[in-house]
Amino acid sequence: MVITDIKKYYALIFDKKGNYLKKIKINRKDSTFKYGNKRYNIILNDVSWFKRKTILFNHYYYFYNINNPMPLNILSNIEPVMDSELYNIMLDTKVAKDLNNLPFSFNMDMLKNPKIIFIIIIIVIAIIYFSTGGQLV
């Protein structure tokens with residue numbers, strides 16, 4: 001329940017990675033506001049915003065990117081490049097292909113491991129033993 005209909009307007013500034021930087025109070029009647037050494041346009045129609053009600057005030061928040069002087073329009077209908085189900089199928093197919101094409105690469109760094117050396121010695125002894133008919137010469 002709002003007692004009065006006093007409106008306050010704020011700009012939420014985000015960096016290029018989407019991390020929140022600062023909340024700035026803006027005047028609806030101005031055409032721009034300043035943050036740091038940059039100016040940003042105040043356009044309150046046809047952009048993304050959210051409203052938070054308190055007992056005395058209605059707070060309106062608008063989104064801005066630090067590198068863009070125009071407010072962000074998150075709610076606009078943007079057609080995706082591809083359907084999310086198709087993208088998921090493509091990712092699953094790529095993962096399956098990558099798992100099926102795992103190459104066994106024997107490099108000299110494997111010989112530094114004592115377990116690998118022990119296994120190789122046992123395999124060589126077994127090959128010699130069975131190739132001589134069960135007699136060690």
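Pairs from the list K94/K115; K22/K94; K16/K53 with a Cα-Cα gap above 31 Å: K94/K115; K22/K94. Evaluated over the Cα positions of region 6-65, the convex hull gives a direction-averaged projected area, one quarter of its surface, of 4.4 nm².
Laboratory data are not the source of any read-out in this text; all were calculated from the coordinates shown. Predicted, not measured: the structure shown is a model, and the values here were computed from it.
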